[in-house]
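Bear in mind that the values in this text are calculations on the coordinates, not laboratory data. Fair warning: this is a prediction, and the values are worked out from it, not measured in the lab. Ideal geometry is used to build each Cβ from the backbone, glycine not excepted, and the neighbour counts take in all protein chains shown.
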Amino acid sequence: MPRPGTERVLATSTLVNTIGNGIFAVAAVLYFNQVLLLSPRNIALVFAISALAEIVATFPAGYISDRVSPRLISLGATAVLGLLQISLIGVRSFAAIAVIMALIGLADGFSRTARSALIARVGGSDGRVRLRAYLRAVTNVGMAVGAAIGGLAITVNTPTAYRALIAVDACTYLVAAWILIRLEHVPVHPQAHSHRVTMALRDWRYVCLSLLMSVMGLHYLVLDIVLPVWVVLHTSAPKYVIALVFIINTVVVALLQVRASAGTQEPLASAIAVRQSSFVLCAACVIYPLSALTSVGWVAAAVLCLAGFVHVIGELRQAAGSWGIGFGLPPESAQGQYQAVWGFNSSVSRMVGPIFLVWLCVEHGFLGWVTLGIVFLVVGAVTVPLVKSALVKSALVKSALAEKALAE
């Protein structure tokens, strides 16, 4: 369990918030289509607008989080998200929906970036990876509970039921913001105002590492996007196996993510963890397509469940390694900027990844899956020497900042 105090408050707020996220993930598309009468194309467009707005907000959010307490930014953005979600209930026109979704994307960008900077600040160098692991485990539980609530309401299939789901989602944001009020004040770092706005972007090693972790992060989209399409188009497995693989993933992450993060507090150890995970993720990429080689439904389902289990084991170490690198290299006074870079590239990955992965794995079958596995291996191999180089640069920067602080 998270330690009492700041960590417990963050975990509770995250749990409440992600229950709402789970509800929205299940209900949003149906609400837009069945109640607001948007076409599938327009639904995709408003979500793309929201994603783009989130990306645009990332860099200013990081810069501001370094100069204003990340606690205040996180609290304010979460409360704004609740108000914006409520506004979706009364909206009617496509233009108004698009504007609200753009604002939601902007607020979400500020919320995510400030939350990462907050974790980096309150967790400290020895505890932030463990704290991030706790929060990820809590996130999975919250998303599962929210999805279950949303699924029950969807069976009613009435406009009132869908509006109720959106209202509950909005309330979870407001409650999560109220919980964050209990967080202790997080002061601005004394050296934060002396940094250039482009400091993180000029650190090419860190930027390259964030790009590499975005490529590694494509494995998340395998579960969300590729697996459902693969099961339907290429296997004889029953469709409920999609839910089974998701359940396996959720349960394993909830139970083992904190334990899997052990030993990844330092960037070099984290890079080694990423390299280890690349072999496991590659193995999963080889197992997934084997499900297409049999016409026996239960055999295909068993192969997919095995692949899903192997996948999540790799995911645990990759996630922990990524956090250790992302939190460990930046100077403490610029965590907001650096976490913005880390989050920006993952956001871009989520935008372009689905199209790329469907083309690679679904359209090209076994060869595409194996190619993806090889990509993971290459990224894992490159990560370790690049982190070694980044550590040298990071040590020089931190030493210079320490000398400047003493001089002042």
A chain fully extended from Arg67 to Phe47 at 0.36 nm per residue, minus the present Cα-Cα distance, gains in nm 4.2 nm
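Given a Förster radius of 25 Å and the C-beta distance between Leu201 and Lys388 as r, what FRET efficiency does 1/(1 + (r/R0)^6) yield to the nearest 0.05?
0.70
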In nm, the gap between the two label points placed 7 Å beyond Cα toward Cβ at Leu367 and Ser93 is 5.1
Computed, not fitted: 222 nm per-residue ellipticity of the chain from DSSP H runs ≥ 4 (each -39500 (n - 2.57)), nearest 500, equal to -28500 deg cm²/dmol
In terms of the charge dipole of the chain, which places +1 on Lys and Arg and -1 on Asp and Glu at the beta carbon, the residue among Ile287, Leu255, Val188 farthest towards the positive end is Val188
Given unit charges at Cβ for Lys, Arg (+) and Asp, Glu (-), the dipole magnitude of the chain about its Cα centre in debye, nearest 20, is 340
Expressed in nanometres to one decimal, the distance between label points 7 Å along Cα→Cβ at Ser295 and Leu256 is 3.5
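Multiply the residue gap between Ser39 and Phe309 by 0.36 nm, knock off their C-alpha separation, and tell me the result in nm, one decimal place.
93.6 nm
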Dipole check, the chain, charges on Cβ (K,R +1; D,E -1), about Cα centroid: among Pro354, Ser214, Ala95 the Cα furthest to the positive pole belongs to Ser214
For region 204-407, the dipole about the Cα centre with charges only on Cβ (Lys and Arg +1, Asp and Glu -1), to the nearest 20 debye, works out at 280
Final fewest-first order of Glu315, Glu184, Glu266 on the 10 Å Cβ neighbour count is Glu184, Glu266, Glu315
Given [x] 35, 24, 19; [y] 44, 24, 17; [z] 33, 28, 19 as possible values of semi-axes √(5λ) of the Cα gyration tensor in Å, the one from the coordinates is [z]
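Gain in length, Arg163 to Leu83, computed as 0.36 nm per residue apart minus the alpha-carbon separation, to one decimal in nm? It would help to have the intermediate numbers written out before the result.
Working: separation 80, 0.36 × 80 = 28.80 nm, distance 1.44 nm.
Length gained between Arg163 and Leu83: 27.4 nm.
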Zone reached by a paramagnetic label modelled 7 Å from Ile355 Cα along Cα→Cβ, restricted to region 42-74 with backbone N below 17 Å, covers 42-53, 55
